[in-house]
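The values are calculated or read from the model by the stated rules, or taken from the named source; none is laboratory data. This is a predicted model, so every value here is computed, not measured. We place every Cβ from the backbone using ideal geometry, glycine too, and count neighbours over all the protein chains shown.
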Amino acid sequence: MFSRLREDLASVRERDPAARSTLEVLTCYPGIHALMFHRLAHGAWRRGWFLVGRFASHIGRLLTGIEIHPGARIGRRVFIDHGMGVVIGETAEIGDDCTIYQGVTLGGTSLYRGTKRHPTLGRGVVVGAGAKVLGGFTVGDGAKVGSNAVVVKPVPAGATAVGNPARILDSERDAAREQKAEQIGFSAYGVTRDMDDPVAKALHGLLDHSVETDRRLQAILARLEAAGIKLDDTVAPSDDFDPGRLSRMVD
Ligand SMILES: CC(C)(COP(=O)(O)OP(=O)(O)OC[C@H]1O[C@@H](n2cnc3c(N)ncnc32)[C@H](O)[C@@H]1OP(=O)(O)O)[C@@H](O)C(=O)NCCC(=O)NCCS
């Protein structure tokens with residue numbers, strides 16, 4: 001019990017530049033107090049003393065503003081910074097060395113009792129202020145969840161998820177794809193960092209299609225002209241259609 005507390009205090013001092021002394025962390029950090037209450041509550045829960053567990057968790061919530069269900073499993077050196085408004089559900093699991101900021105929900109989307117309804121955070125995951133991670137999936141080791149993100153799908157280890165619904169930031173891969181697309185003389189407007197958004201996906205699909213149709217029409221007109229067939233009277237000159245601009249608008 002005390003060795004864990006010592007570890008927790010040391011990890012807060014390591015991770016919070018605002019922490020000035022161990023005594024300050026012990027007396028003024030609600031995340032530390034919430035974990036102490038959770039250890040009591042979880043111990044009672046595992047012995048089958050469900051009401052005692054719930055009550056200990058409730059007292060912890062009253063004093064800290066952090067609600068941790070007594071059934072949740074929390075690893076070592078977890079740092080809940082500020083903490084107000086954090087909610088951690090019954091079947092949530094939090095790996096060692098995770099950092100969780102205020103307003104985070106590790107919640108469920110299904111109401112079936114006895115199933116794994118809440119997420120599992122791997123080791124060293126950082127969940128930004130106000131983020132909601134909803135469902136019984138895994139956020140991989142070392143992943144980051146941006147503040148206010150709403151995560152409803154697994155996040156690979158080391159990845160960064162931001163936005164609502166959350167998408168994975170992968171700027172290097174996007175840049176490489178764009179570069180390749182430019183080399184072949186056609187920009188893959190369907191390849192964007194918002195591929196998780198179904199509306200953006202549909203619009204980019206339409207843009208891709210119209211660019212390709214335009215390119216084929218130009219090729220046909222060029223061949224007809226080369227064959228001596230002029231279509232000036234029947235085909236209007238090409239307008240200033242700029243698919244790149246439209247693509248950026250839906251990004
Ligand atoms: C998500 C996060 C970890 C990303 O950090 P990072 O890897 O350094 O990424 P960057 O700051 O370089 O941002 C990369 C891109 O993601 C965007 N982004 C960053 N955080 C975002 C967020 N929370 N929501 C939406 N987009 C975000 C940036 O605008 C940038 O977009 P661009 O490539 O179009 O310019 C960080 O921004 C974050 O939210 N951390 C949580 C911090 C927190 O909650 N602190 C509370 C202290 S009390």
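Results for (1) part of a loop (DSSP other than H, G, I, E, B); (2) within 16 Å of the ligand (Cβ to nearest atom), shown as yes or no for each residue.
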residue	(1), (2)
S57	no, no
L63	no, no
R77	yes, no
Q102	yes, yes
G114	yes, no
R117	yes, no
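For V145, indicate whether it is of a type outside the set (F, W, Y), in contact with a Pro (Cβ under 6 Å, 6 or more places away or on another chain), at pLDDT 80 or above and under 30 Å from G85 (Cβ atoms). Walk me through how you get there before you give the answer.
Numbers: of a type outside the set (F, W, Y): yes; in contact with a Pro (Cβ under 6 Å, 6 or more places away or on another chain): no; at pLDDT 80 or above: yes; under 30 Å from G85 (Cβ atoms): yes.
In short, no.
Considering V139, V86, which residue is out of contact with any Lys or Arg (no Cβ under 7 Å at 6 or more places or on another chain), at pLDDT 95 or above and over 23 Å from H33 (Cα atoms)?
Values: V86 fails: over 23 Å from H33 (Cα atoms).
Of V139, V86, the one residue that is out of contact with any Lys or Arg (no Cβ under 7 Å at 6 or more places or on another chain), at pLDDT 95 or above and over 23 Å from H33 (Cα atoms) is V139.
Within the stretch 119-129, track down each residue that is without any contact (Cβ under 8 Å) to a residue 40 or more places away in the chain and either over 10 Å from A92 (Cα atoms) or within 13 Å of the ligand (Cβ to nearest atom) (or both). Don't jump to the end; show me each part of the working.
Of the residues in the stretch 119-129, the ones without any contact (Cβ under 8 Å) to a residue 40 or more places away in the chain are 119-122, 124-128.
Once the filter is applied, which keeps residues that are without any contact (Cβ under 8 Å) to a residue 40 or more places away in the chain and either over 10 Å from A92 (Cα atoms) or within 13 Å of the ligand (Cβ to nearest atom) (or both), the stretch 119-129 yields G122, G124, V125, V126, V127, G128.
Check the stretch 116-128 and report whether any residue there is modelled with pLDDT under 95, buried (at least 17 other Cβ atoms within 10 Å of the Cβ) and among the small types (G, A, S).
No, every residue in the stretch 116-128 fails to be modelled with pLDDT under 95, buried (at least 17 other Cβ atoms within 10 Å of the Cβ) and among the small types (G, A, S).
Helices (runs of 4 or more DSSP H) wholly in the stretch 1-54 with at least 2 residues that are in contact (Cβ under 8 Å) with a residue 24 or more places away in the chain and in the same structural domain as E67 (by the TED database) - which ones? Quick ask: steps written out before the conclusion?
Details: elements: 2-15, 22-28, 30-46.
The qualifying helices (runs of 4 or more DSSP H) are 2-15, 30-46.
Within the stretch 87-99, which residues are touching a residue at least 40 places away in the same chain (Cβ under 8 Å) and either closer than 23 Å to P17 by Cα or outside any loop (DSSP other than H, G, I, E, B) (or both)? Quick ask: steps written out before the conclusion?
Of all residues in the stretch 87-99, those touching a residue at least 40 places away in the same chain (Cβ under 8 Å) come to 91, 95, 97, 99.
G95, D97, T99 - these are the residues of the stretch 87-99 that are touching a residue at least 40 places away in the same chain (Cβ under 8 Å) and either closer than 23 Å to P17 by Cα or outside any loop (DSSP other than H, G, I, E, B) (or both).
Somewhere in the stretch 162-169, is a residue closer than 23 Å to V133 by Cβ, in a loop (DSSP other than H, G, I, E, B), within 13 Å of the ligand (Cβ to nearest atom) and at pLDDT below 90?
Applying the first criterion (closer than 23 Å to V133 by Cβ) to the stretch 162-169 yields 162-169.
Those left that are additionally in a loop (DSSP other than H, G, I, E, B): 163-166, 169.
From the residues that got through so far, the ones that are within 13 Å of the ligand (Cβ to nearest atom) too are 163-166, 169.
Now drop any that are not at pLDDT below 90, which leaves none.
No: the stretch 162-169 contains no residue that is closer than 23 Å to V133 by Cβ, in a loop (DSSP other than H, G, I, E, B), within 13 Å of the ligand (Cβ to nearest atom) and at pLDDT below 90.
Sort through D239, D196 and tell me the only one that's modelled with pLDDT of 65 or more and outside the structural domain of N164 (by the TED database). Write out each step before concluding.
Values: D196 fails: modelled with pLDDT of 65 or more.
Result: D239 is the single residue among D239, D196 that is modelled with pLDDT of 65 or more and outside the structural domain of N164 (by the TED database).
Please identify the pairs in which a residue from the stretch 140-156 that is farther than 21 Å from D97 by Cα and hydrophobic (A, V, I, L, M, F, W, C) has its Cβ atom under 8 Å from the Cβ atom of a residue that is more than 10 Å from the ligand (Cβ to nearest atom) and part of a loop (DSSP other than H, G, I, E, B), counting only partners at least 6 apart or on another chain.
Within 8 Å, the pairs are V150/P165; V152/T109; V152/G135; V152/P165.
Please go through the stretch 131-158 and give me each residue that is more than 10 Å from the ligand (Cβ to nearest atom) and in a loop (DSSP other than H, G, I, E, B), ordered by number.
Residues of the stretch 131-158 that are more than 10 Å from the ligand (Cβ to nearest atom), as a first pass: 132-142, 150-158.
G135, G136, F137, G140, D141, G142, V152, K153, P154, P156, A157, G158, listed by residue number.
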